[in-house]
Amino acid sequence: MGMKATIIPVTAYQQNCSVLWCDETMNGAVVDPGGNLDIIMGEVENNGVTIEKILITHGHLDHAGGTADLKDMLNVPIEGPHIDDTFWIDRLPEDCAQSGFPESRSFESDRWLVNGDQVTVGNLTLDVYHCPGHTPGHVVFHEPDANVAFVGDVLFQGSIGRTDFPRGNHDDLINAIRTRLWPLGDDVSFVPGHGPMSTFGHERATNPFVGDRI
């Protein structure tokens, strides 16, 4: 038994939507369906996956813009983010209109998540870490057996999430990375919200914003 995943860049922002699944049950989840649902569902079908839920790291348009439509399409629950991102989710229609994104609707999560929660996908269990700073309600999903984390816009290869948006907080972001992500181990691979994958160890050694030498 194990986790498999595929990364699908979506929207004009090339946001890393992920489809992850349990290879024993072939049940899966879509993480951060920001848009391009036809491409996402094509990958789902190509891999023979049955989607049982939608997981959201945070409420920004490029991560959550397609959530309401995907829920309607699949009739599955939405889990995440933390309730403090309601502010961003409620703004989705206007933010998408102002940014030239396709029309979007706000949504109500079926399960708001808090630090220490777990979510299941098939026979997989992912641990939830509340990592505010980029947005107040941002969460990270970590699957410990595969040792892969889906970190949204908290951390990138060589960078960290922006904190100049409304309700962003630089100190909170740095604290969340150092106290909630680094303890998971240097060998954790992570899928960022944009750009290539990396490991926590590589970022601790080289990241100019949150590396150990900073």
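Values computed for the structure shown
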| quantity | calculated |
| --- | --- |
| Within region 170-196, considering residues that are assigned to a loop (DSSP other than H, G, I, E, B) and in contact (Cβ under 8 Å) with a residue 40 or more places away in the chain, the one farthest from Y13 (Cα to Cα) | D187 |
| Considering residues of region 100-129 that are within 29 Å of A146 (Cβ to Cβ) and among the aromatic types (F, W, Y) only, the residue surrounded by the most Cβ atoms within 10 Å (Cβ to Cβ) | Y129 |
| Region 197-212, residues that are assigned to a helix (DSSP H, G or I) and either touching a Pro at 6+ places or on another chain (Cβ under 7 Å) or surrounded by fewer than 19 Cβ atoms within 10 Å (Cβ to Cβ) (or both) | G201, H202, R204, A205, T206 |
| Of the criteria (1) outside any strand (DSSP E or B); (2) over 20 Å from L61 (Cα atoms), which one R167 fails | (2) |
| Test: residue in region 78-88 that is in contact with a helix residue (DSSP H, G or I) (Cβ under 7 Å, 6 or more places away or on another chain), part of a strand (DSSP E or B), β-branched (V, I, T) and closer than 26 Å to A176 by Cα | yes |
| Residue match in region 48-63 (condition: crowded, with 22+ Cβ neighbours inside 10 Å, farther than 19 Å from F141 by Cα and without any contact (Cβ under 8 Å) to a residue 40 or more places away in the chain) | yes |
| In region 113-144, the residues that are among the hydrophobic types (A, V, I, L, M, F, W, C) and under 14 Å from the mean Cα position of the chain (by Cα) | L113, V119, L126, V128, C131, V139, V140, F141 |
| Filter result for P33 (within 20 Å of D90 (Cα to Cα), touching a strand residue (DSSP E or B) at 6+ places or on another chain (Cβ under 6 Å) and surrounded by fewer than 22 Cβ atoms within 10 Å (Cβ to Cβ)) | no |
| Out of A146, A97, sole residue that is assigned to a helix (DSSP H, G or I) and surrounded by fewer than 23 Cβ atoms within 10 Å (Cβ to Cβ) | A97 |
| Residue within region 69-76 that is assigned to a loop (DSSP other than H, G, I, E, B) and buried (at least 23 other Cβ atoms within 10 Å of the Cβ) present | no |
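Where a number appears in this text, it was derived from the coordinates with a stated rule and is not lab data. Because the structure is predicted, anything quoted here is derived from the model rather than measured. All Cβ positions, even for glycine, are placed from backbone atoms using ideal geometry, and neighbour counts span all protein chains on display.
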